Amino acid sequence: MNFDLTDERQMLQDGLRRYLNDAYSANARAAIEDAETGFSAEIWNGLAEMGVIGALFREEDGGFAGEGFDLALVFEELGRIGAVDPLIDTAVLGGGLIAELGSGAQKEMIEAVISGAAHLAFAHGEPTSRFDLSRVETAAKKTANGYMINGRKAVVVNAPSAETLIVSARTSGKASDADGISLFIVPTNADGVTLRSYSVVGGGLAAEVILNDVTADLLGNEGTAHDAISQVTARATLAICAEALGLMESIKMLTNEYLKTRKQFGVPIGKFQALQHRLADVLIEIEQARSAVINLAGHIDATPEVRDLHVSATKNLIGDAARLVVEEGIQMHGGIGMTMEYELGHLAKRLTMIDHRFGDTTFHLERFIELAVG
Amino acid sequence: MDLNYTDAEIAFRDEVRAFLKANLPERLVDRSKHGQSLTKADFEEWHAILNAQGWLASNWPKEFGGTAWNAIERHIFEDEMTKANAPRVVPFGLSMLAPVLQNFGSKEQQDYYLPRILNGDDWWCQGYSEPGAGSDLAAVRTSAVRDGDHYIVNGQKTWTTLGQYANKIFCLVRTSKEGKPQQGISFLLIDMDTPGIEVRPIILIDGTPEVNEVFFDNVRVPIENLVGEENKGWTYAKFLLTHERTNIAGVGFANAGLENLKRIARLEQSGGQPLIKNPHFAARIARVEIELMAMSTTNLRVVSQAAAGQAPGAESSMLKIKGTVIRQEINALTRSAAGTYAMPFASEALEEGSNAEPVGPAYAAPATAQYLNNRKLSIFGGSNEIQRTIITKAILEL
Ligand SMILES: Cc1cc2nc3c(=O)[nH]c(=O)nc-3n(C[C@H](O)[C@H](O)[C@H](O)COP(=O)(O)OP(=O)(O)OC[C@H]3O[C@@H](n4cnc5c(N)ncnc54)[C@H](O)[C@@H]3O)c2cc1C
């Protein structure tokens, strides 16, 4: 049993933390959130140069790490600083699907992702699919020169900044079948692709993607994409849970600091036992969250059943812990915790939104019952 | 023990219902339903409609133009208003300042200000909190120093709700540094147009400019704007706080929120069926509804005690805590129910009178903003921690 980081990972963590602290002052983030892309090209390139994107890919795919603990480490650091960069979308989801299913030529795109040149988005969810990965109504038909896709994809994070979309569509079967789902590589500027773009609470951009007779190339084999989708979604869930952990740590630190400095009734409010005990509860739940992330990171390459059991356990626990940390963090700050300007606001919003991606607490509770209890 | 309204109370409820049906503008109902914020003009329009009926001042005695309703009638009125999605009555002038003036103001102040509140000539805001005086309100430092027939006011108020609409502010100011902090506070009425006042918006986490900072730089306020006696302001402020406890439980808001939540859970699809069919989600809705049913009765118990002339004590604090926790849970469940479409930042669609089409279903658009915004419920009006202290003080007697 050893819970220490390897030397390589320790170096990556130290370097990344230093880089993000410098690059990511709160002001820089405000500027990023105004930008057209939802992230800063400078920071993105900086992350690529440091090898942070490469650390999310396995060696055989052109990266140099890519294990569960590498993902956990990188995303916890991004969470700590409240980063809004869409690494999950470009690297873990988009890059991950290409690594998993791509042909030799398609895999060349991974190099561009790792170098920071390519930006991707995974257009999978639909207006009524909620968190169900098999529910795909967007349809693709085989034509003489490839496939033709029609449908609508919902809340596609990073689509406005991505030059390439990985789109799921049904080539056979019913709306809820796991079989019959295929993936396609679609340039965002292809004929028939329309984006309705908007910003997302907590930072970043997303779009509704409308596909109208779009011609596209297949990624992987026809009709069998479900397993790869589950696999990269599991990795993305690990990433977002680790990000949540980082966000929680930062909210705890801010709150801890505030309890020591804010004075009411002539004393720092941290002197009030009512608040001390609540901070203690926050701390306990964050340690639980840390262990849950470690559990998931350690099982991300296990069989799908074991892996998904851990995905659901971790995402469920993170969802509840995140809500506690957000709500207690704001409450213990009083009015100041409600403001846009104060750092806590951004962290709290980003953390809150994590329960709305890759399945919420209820969804994962139900799946955990299926996999482990029922 | 009888859980039903009397015949007279039922008749009163029907009268309120009929009035709302005939007079509540559909446009305002739509805005509340879609979670859009209301404009100053919207509030003023609704106040004028209620005033024409003689129902605006539901908590005032007859002699000042109020309805003279008892606590149960007031409860019925508020309940029907929220059920109908009517705009809330803006409390600052009507239920915060007015009772203070009626009890401690001079005849001149009553004659001048009270009709102006009813007629919508003045929009008041509440200048209590300061950067250094939140829960510890007695720590206010904004100073008022006598200079002939004026006070010179210097300092800063903060968290001033809708101060951007207000032409008047009632303030707690420091007129003496002698004795206990509570003993040097006065209650002062200030015209927002006076030179030296600056209002700066504070943007809340949901993106709305709901509150403000108000700065006072050598602001000259006529001494006749002092309410009651100098250095007795704390007594009036506390009076205001205990009398601002009608509807503290927010049962009507909770009921409306619960209805909305169930509606969303019926519309939202999850795994090919309505979300409300999901037993785990349904269980969470059920839990909060069970809490709300009991709290409604706690509320009525307190209301009928009040109708019988008993001043509520720790009960108000219990209702504040339970009421806000229930409403916040409903907000959290509503956000969850919205699923993926809770993510778009829908500030535009939530602006007053916006026609912007929401990204996803209309019901999802305000869910996150309302969840975030209503974190305030357990912070303002005496935080839930302060309320707990009040409750234990009343029973522990240590
Ligand atoms: C949206 C909004 C609107 C508002 N509108 C108005 C308005 O119109 N006019 C106005 O005057 N004010 C207004 N307020 C201010 C509100 O009344 C204060 O925020 C409130 O009194 C808490 O003060 P604070 O924010 O300074 O927090 P603090 O008093 O600094 O409290 C911070 C934390 O410490 C806790 N705490 C403090 N003292 C104790 C104690 N003794 N024991 C245990 N815990 C304690 C609090 O509960 C809280 O969790 C508004 C606030 C908000 C958020």
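Observations, loosely collected:
- Which numbered condition B:K107 fails, given (1) more than 21 Å from the chain's Cα centre (by Cα); (2) touching a residue at least 24 places away in the same chain (Cβ under 8 Å); (3) more than 10 Å from the ligand (Cβ to nearest atom): (2)
- Condition met for A:K260 (in a helix (DSSP H, G or I), more than 14 Å from chain B (Cβ to nearest Cβ) and in contact with a strand residue (DSSP E or B) (Cβ under 6 Å, 6 or more places away or on another chain)): yes
- Consider segment A:272-323 and keep the residues that are open to solvent by 60 Å² or more (accessible area, probe 1.4 Å) and not in a helix (DSSP H, G or I). The one that is farthest from A:E76 (Cα to Cα) is A:F272.
- Meets criteria (within 30 Å of A:T361 (Cα to Cα) and surrounded by fewer than 21 Cβ atoms within 10 Å (Cβ to Cβ)) for A:F64: no
- Test for B:E289: is it open to solvent by less than 50 Å² (accessible area, probe 1.4 Å), charged (D, E, K, R) and within 30 Å of B:I76 (Cβ to Cβ): no
- Residue within segment A:102-113 that is part of a loop (DSSP other than H, G, I, E, B) and in contact with a Lys or Arg (Cβ under 8 Å, 6 or more places away or on another chain) present: no
- Close Cβ contacts (under 9 Å, 6 or more residues apart or on different chains) running from residues in segment A:335-358 that are in contact (Cβ under 8 Å) with a residue 40 or more places away in the chain and more than 7 Å from chain B (Cβ to nearest Cβ) to residues that are acidic (D, E) and buried (at least 23 other Cβ atoms within 10 Å of the Cβ) comprise A:R350/A:E243; A:L351/A:E243; A:I354/A:E243.
- Among the residues of segment B:30-64, those that are open to solvent by 50 Å² or more (accessible area, probe 1.4 Å), over 20 Å from the mean Cα position of the chain (by Cα) and under 16 Å from B:L20 (Cβ atoms) comprise B:D30, B:A52, B:Q53.
- Any hit, segment B:366-387, residues being more than 16 Å from the ligand (Cβ to nearest atom), crowded, with 19+ Cβ neighbours inside 10 Å and either of a type outside the set (G, A, S) or not in a helix (DSSP H, G or I) (or both): yes
- Enumerated strands (runs of 3 or more DSSP E) restricted to segment A:133-207, each holding at least 2 residues that are in contact (Cβ under 8 Å) with a residue 60 or more places away in the chain and over 22 Å from the mean Cα position of the chain (by Cα): A:139-143, A:146-157
- Residue in segment A:165-186 that is β-branched (V, I, T) and at the interface with chain B (Cβ under 10 Å from one of its Cβ atoms) present: no
- Pair list, Cβ under 9 Å, 6 or more apart: segment A:272-289 residue over 14 Å from A:N256 (Cβ atoms), other residue open to solvent by 70 Å² or more (accessible area, probe 1.4 Å) and charged (D, E, K, R): A:A274/B:R388; A:E285/A:D320
- Count of residues meeting criterion [surrounded by 15 or more Cβ atoms within 10 Å (Cβ to Cβ) and not β-branched (V, I, T)] in segment B:10-29: 6
Results for (1) away from chain A (no Cβ under 14 Å); (2) within 16 Å of the ligand (Cβ to nearest atom); (3) farther than 23 Å from B:T235 by Cα, shown as yes or no for each residue.
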{"residue": "B:R74", "(1), (2), (3)": "yes, no, yes"}
{"residue": "B:T82", "(1), (2), (3)": "yes, no, yes"}
{"residue": "B:V100", "(1), (2), (3)": "yes, yes, no"}
{"residue": "B:N103", "(1), (2), (3)": "yes, no, no"}
{"residue": "B:P131", "(1), (2), (3)": "no, yes, no"}
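- Some residue of segment B:328-339 being open to solvent by 20 Å² or more (accessible area, probe 1.4 Å) and within 14 Å of chain A (Cβ to nearest Cβ): yes
- Taking the criterion of being without any contact (Cβ under 8 Å) to a residue 60 or more places away in the chain, more than 7 Å from every other protein chain (Cβ to nearest Cβ) and closer than 15 Å to A:A274 by Cα, the only residue of segment B:374-389 that qualifies is B:T389.
- Restricting segment B:116-129 to residues that are open to solvent by less than 30 Å² (accessible area, probe 1.4 Å) and within 16 Å of the ligand (Cβ to nearest atom) leaves a set whose member that is nearest to B:Q183 (Cα to Cα) is B:Y128.
The values are calculated or read from the model by the stated rules, or taken from the named source; none is laboratory data. Here the structure is a predicted model, which is why all the values come from computation and not from measurement. Ideal geometry is used to build each Cβ from the backbone, glycine not excepted, and the neighbour counts take in all protein chains shown. Areas reflect the complete protein model, heavy atoms only, side chains present, ligands, DNA and RNA absent. Shrake-Rupley method; radii C 1.70, N 1.55, O 1.52, S 1.80 Å.
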